[in-house]
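Peer 1: The structure under discussion is supplied below as structure tokens; questions concerning it will follow.
The values are calculated or read from the model by the stated rules, or taken from the named source; none is laboratory data. Please read these numbers as outputs of a predicted model, since none were measured by experiment. No Cβ is skipped: glycine too gets one built from the backbone with ideal geometry, and neighbour counts run over all protein chains shown. These area figures cover heavy atoms from the full protein model, side chains too; ligands, DNA and RNA do not enter into them. Shrake-Rupley method; radii C 1.70, N 1.55, O 1.52, S 1.80 Å.
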Amino acid sequence: MSEVVSYQLKDNIGVISVNNPPVNALAQAVREGILNAINTANEDASEAILLVCEGRTFVAGADITEFGKPPKDPGFPLVLDAIENASKPVIAAIHGTALGGGFELALACHYRCALPTAKVGLPEVKLGLLPGAGGTQRVPRLTGVKAALDMITSGNPISASKALKMTLVDKIIEGDNLELGGIQYAKELIGSSAPLKRISDIKIDPATVEPGFFDNARKHLARRARGQIAQDRIVSCIEAAVELPMGEGLERERELFRELVASPESAAMRHIFFSERQAAKIQDLPKGAPVRDIKKVAIIGGGTMGGGIAMCFANVGIPVVMLEINDDALQRGMGIIRKNYNITVQKGKLSEDKMEGRIDTIAGTTDYLDIADADLVIEAVFENLELKKEVFGKLDAVCKPGAILATNTSYQDVDAIAEATQRPQDVLGMHFFSPANVMRLLEVVRGEKTADDVLSTAMKIGKKIGKVCALSRVCYGFIGNRMLGGYGREAQMLLLDGCTPEQVDSVLEGFGMAMGPLAMGDLAGLDVGYKAREGRTDLPDDPRLYRMGTLLVEMGRHGQKTGSGFYKYDPETRRRESDSEVETLIKEEAATLGVEQRKITDDEILARCFYPLINEGALILEEGIAQRASDIDVVYVFGYAFPVAKGGPMHYADQVGLENVYNKILEFRERYGEQYWKPAPLLQRLAEEGKTFADWDKEKEVG
Ligand code: 3HC
Ligand code: NAI
């Protein structure tokens, strides 16, 4: 048929086999191959047609790299029409994951069988899209409107057994020979003269949909949209599935799909899809580089971070030993772990049995000898360099040769920590984000002497525990926290210049940030930044700098934990409320410092908060701290809740235009001084050459 699709008559069944590694994406050659095979099978002696895939998965969707490029024939709808209108039963046989266009391909078949381990789903929403090849029309026809809406707007895949219950799959094939099982199933269908079951023939009874269902769904989804429009369009498509005949419903779906493919939100989300996968690759190490075996993990310090990190490993069945200074601290740490698991149980996301199993995977100790056989040790004690060096000295003395010694430090010098051991090649940073069992990002910090296999192992184990890994070199705050400096600084400066906390936060939340910077400060505790600033000698001597944060802490307003900070908090609901006392205080301080207050536009708030972050990102790139601009985007989306629909700060800068960002920084330099507004040389160069950060990534990857 073609290089990627073969067709063979086996036992009177026409078997179409797709082989387009790595995930059998529906590239042009695959679409053409399937269409030709269906046409051949229609004419030959086959009694039924079986569609199977080789390699690790059934078709995982449209080829995302083709989006935004001129379409190539045959279009996917044409292929699906040919399948649904075939003259004999077409059966999809699913293994791995049938996702997006892959699942839509299966839905156009007359029957679907699957291995018990298979999963099916429509994850398009995670790319800012909707299922554009009949998914929004066929799924509600099979499962009903509500289940379809949940499945398509969440984008989460479901197991084969759940799909069977929802009638999305017709049969589970036991054993591991899917092709053989599929052929037998095809024969059963022929034997029982099973009809050509076309989902398009099903009509949805509008009476099964509650009045106001779609309006309510739109309102509910808008609350968590954060700049994404796909959910809203998915509702419109499912509404069309109820109200319109199949052909018109498909037209509507295609029209809205095209709108989304062309949207900046989807372009940003596709950028993050590929960036996430790219970030795991270390530029100077070959793919498949050797790794060390990790069978047992030790965590030093069972506080906020240590407990969460222990849970990450327990969740994937890797035994953990958590070491604390004394029994009281150990019990407290184990208690927090139990409390966190209990919340998951209460939400119905984990059974009691599984919870106990996971807690049993975590042993506690106060004795270093109990961690001597650990393959990976992650230190998460207080953020103090001397203490960390002392801990690493002890680890060096007890840990077996070849054990990887990682620090979760947020700011300390990983090389200085490594030098506290006789084996700096085994030391690196593994910087988790709070809450560690929830946040997806893991910054893997490469020390001066970190061995290649230590890095590769950290990347691999990170993926295993469900993290998105990004590599950073050593510097103060690594990629993420270093860039955050200017963001927090400007958020506070804006207050003196005339904004209210609510104004600053609502502009950034309107942009899509999960929480504005001042509300975030209140959540983390304003005392944390206050203490961190105390020891710093590199900050400019400027009374305006972090003025409000400092004053609030000195007034005992440490944020949510003391009931007030930039805002006051309702003790019951913890909901934030504007506080006129703070607003008066800001005005008084501005007057004392001689800052003239004025009305500040939303655009200025966005630029003042984000451009220092982007500028620092450019410095980080030039210094080689981050491998790629796209890695920085991954850090911000997965570690700092930067809206995925904006694609991360560097992608956002590319969209705004680097020349515009650069010129604005020059304008701010004039107005607010060079100590805070000094354009990074890389930003200036790219702006002057009319290039983007994406261009820079491409040139570096090629060169
Ligand atoms: N198109 C193009 N490339 C794809 C792809 C796709 N749909 N899916 C995965 N890839 C690439 C990845 O970029 C990666 O490339 P790399 O090795 O060069 O980095 C490679 O395939 C392997 O992918 P993963 O590293 O993600 O492999 P895993 O085994 O961890 O996961 C997977 C496999 C679950 C299939 C995962 O890749 C995935 O979720 N893929 C995307 C699925 C998806 O979103 N499908 C919907 C597409 S949109 C669509 O179908 C529109 C339709 O409605 C018309
Ligand atoms: P924490 O104060 O909640 O926990 C620290 C724990 O370490 C305490 O339980 C303490 O008893 C224990 N400890 C202290 N000295 C010890 C020793 N010598 N041996 C064994 N245990 C010891 O602190 P948290 O927030 O968990 O931070 C830990 C580390 O993680 C710090 O380096 C911090 O910078 C970093 N980090 C913190 C994040 C956060 O948001 N809290 C985010 C990312 C990193």
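Peer 1: Using packing as a proxy for protection, rank 56-66, 541-551, 111-121 so that the peptide with the highest average count of other Cβ atoms within 10 Å comes first. Working shown, then result.
Peer 2: Numbers: 56-66: 21.0, 541-551: 17.5, 111-121: 22.9.
The packing order, highest mean first, is 111-121, 56-66, 541-551.
Peer 1: So what is the accessible area of segment 527-654 per residue, in Å², with the probe set to 1.4 Å?
Peer 2: 45
Peer 1: How far is the Cα center of segment 515-546 from the Cα center of segment 231-290, in Å?
Peer 2: Cα centroid of segment 515-546 versus Cα centroid of segment 231-290: 39 Å apart.
Peer 1: Let me ask you something else. Once every Cα of segment 363-460 carries one equal point scatterer and solvent is ignored, give the base-10 log of I(q)/I(0) from the Debye formula at q = 0.20, 0.22, 0.23 Å⁻¹, two decimals.
Peer 2: Here log10 of I(q) over I(0) equals -1.00, -1.20, -1.30.
Peer 1: A further question follows. What is the local net charge at I173, summed over the other residues whose Cβ is closer than 12 Å to its Cβ (Lys, Arg +1; Asp, Glu -1)? Could you put the intermediate results ahead of the total?
Peer 2: Details: positive: R112, K171; negative: D170, E174, D176, E179, E188.
So the environment of I173 carries a net charge of -3.
Peer 1: Shifting gears a bit: Please compare each pair in K463/K698; K339/K561; K339/K394; K119/K646; K88/K165; K281/K349 to a cut-off of 21 Å on the Cα-Cα distance and tell me which ones are over it.
Peer 2: K463/K698; K339/K394; K119/K646; K88/K165; K281/K349
Peer 1: Going Cα to Cα from K219, which lysines come in below 20 Å? Please leave out same-chain ones fewer than 8 positions away.
Peer 2: Once the sequence-local lysines are set aside, what remains near K219 is K126, K146.
Peer 1: How are the Cα pair distances of segment 304-366 distributed, in percent, across 5 Å bins from 0?
Peer 2: In whole percents, the pair-distance histogram is 4, 20, 31, 25, 14, 5, 1.
Peer 1: Would you calculate the convex hull of the Cα atoms in segment 481-600 and tell me its volume per residue in Å³? Could the numbers behind the result be given before it?
Peer 2: Values: hull volume 13.0 nm³, N = 120.
Enclosed volume per residue, from the Cα hull, is 109 Å³.
Peer 1: Ok, one more. Enter the angle in degrees (range 0 to 90, nearest 10) between the Cα long axis of helix 213-223 and the first principal axis of the Cα atoms of the chain, meaning the one along which they spread out most.
Peer 2: The angle comes out at about 30 degrees.
Peer 1: Right, here's the next one. Counting only Cα atoms, I'd like the Rg/Rh figure for segment 457-534, Kirkwood definition for Rh.
Peer 2: Values: Rg = 15.8 Å, Rh = 14.7 Å.
Dividing the radius of gyration by the Kirkwood radius yields 1.08.
Peer 1: Across segment 1-111, what fraction of all alpha-carbon pairs, as a whole percent, falls in each successive 5 Å bin from zero upward?
Peer 2: 2, 14, 25, 28, 19, 8, 2, 1, 0
Peer 1: Right, here's the next one. Report Rg/Rh for segment 297-477, rounded to two decimals, where Rg is the Cα radius of gyration and Rh the Kirkwood radius.
Peer 2: Values: Rg = 15.3 Å, Rh = 16.1 Å.
Expressed as Rg/Rh, it is 0.95.
Peer 1: Please give the helix 246-261 orientation as an angle from the longest Cα principal axis of the chain, in degrees from 0 to 90, rounded to the nearest 10.
Peer 2: 30
Peer 1: Taking only Cα atoms, what is the 0 to 90° angle, nearest 10, from helix 693-702's long axis to the longest principal axis of the chain?
Peer 2: 70
Peer 1: Hey, any idea what Rg/Rh is for segment 79-222, computing Rh the Kirkwood way over Cα pairs? Spell out each step's value before the answer.
Peer 2: Numbers: Rg = 15.6 Å, Rh = 15.8 Å.
So for segment 79-222, dividing Rg by the Kirkwood Rh gives 0.99.
Peer 1: Could you tell me the relative contact order of segment 162-277? Use alpha-carbon pairs under 8 Å, at least six residues apart, and round to a whole percent.
Peer 2: Working: 40 pairs, mean separation 19.7, N = 116.
Relative contact order, segment 162-277: 17 percent.
Peer 1: Same structure again: Which of the aspartates and glutamates could a cross-linker bridge to K171, judged by Cα under 16 Å and excluding same-chain residues fewer than eight apart?
Peer 2: E179, E188
Peer 1: Also, I was wondering about something else. State the Cα centre-to-centre distance between segment 451-485 and segment 312-391 in whole Å.
Peer 2: 21
Peer 1: Something else now. Quick check for you: with a 1.4 Å probe and neighbouring chains kept, what is the accessible area per residue of segment 1-57, in Å²?
Peer 2: Details: 2450 Å² over 57 residues.
That works out to 43 Å² for each residue.
Peer 1: By a straight-distance test (C-alpha under 16 Å), which lysines pair with K296 as possible cross-link partners, with residues fewer than eight away in the same chain excluded?
Peer 2: K400, K460, K464
Peer 1: Could you please state, rounded to a whole Å, how far the C-alpha centre of segment 490-512 is from the C-alpha centre of segment 621-683?
Peer 2: Centre-to-centre (Cα) distance: 19 Å.
Peer 1: How much solvent-accessible surface does I461 expose, in Å² to the nearest 10, with a 1.4 Å probe and all protein chains in place?
Peer 2: 10
Peer 1: Return the carbon/sulfur percentage of the accessible area of the chain, one whole number, probe 1.4 Å, all protein chains in place. Walk me through the intermediate numbers first.
Peer 2: On the way: 15530 of 30500 Å².
Its accessible area is 51 percent carbon and sulfur atoms.
Peer 1: Further question on the same structure: How many percent of all Cα-Cα pairs in segment 603-702 sit more than 20 Å apart? Please list the in-between numbers first.
Peer 2: On the way: 1565 of 4950 pairs.
Every Cα pair in segment 603-702 considered, those over 20 Å come to 32 percent.
Peer 1: Using only the Cα atoms of the chain, what do you get for the radius of gyration and for Dmax, in Å?
Peer 2: Cα radius of gyration and Dmax of the chain are 28.1, 91 Å respectively.
Peer 1: What percent do you get for the relative contact order of segment 538-640 when only Cα pairs under 8 Å and 6+ apart count? Walk me through the intermediate numbers first.
Peer 2: Details: 51 pairs, mean separation 11.2, N = 103.
Normalised by residue count, the contact order of segment 538-640 is 11 percent.
Peer 1: I've got another one for you. May I ask you to order 25-36, 635-646 by the average number of other C-beta atoms within 10 Å around their residues, highest value first? Don't skip to the answer; put the middle values down first.
Peer 2: Numbers: 25-36: 21.1, 635-646: 24.5.
Going from most to least packed, we get 635-646, 25-36.
Peer 1: Can you work out the accessible area per residue across segment 175-315, with the rest of the protein chains kept in place, probe 1.4 Å, in square angstrom?
Peer 2: Working: 7250 Å² over 141 residues.
Ligands and nucleic acids excluded, the result is 51 Å² per residue.
Peer 1: In Å and on Cα atoms, what radius of gyration and Dmax does segment 5-261 show?
Peer 2: 17.5, 55
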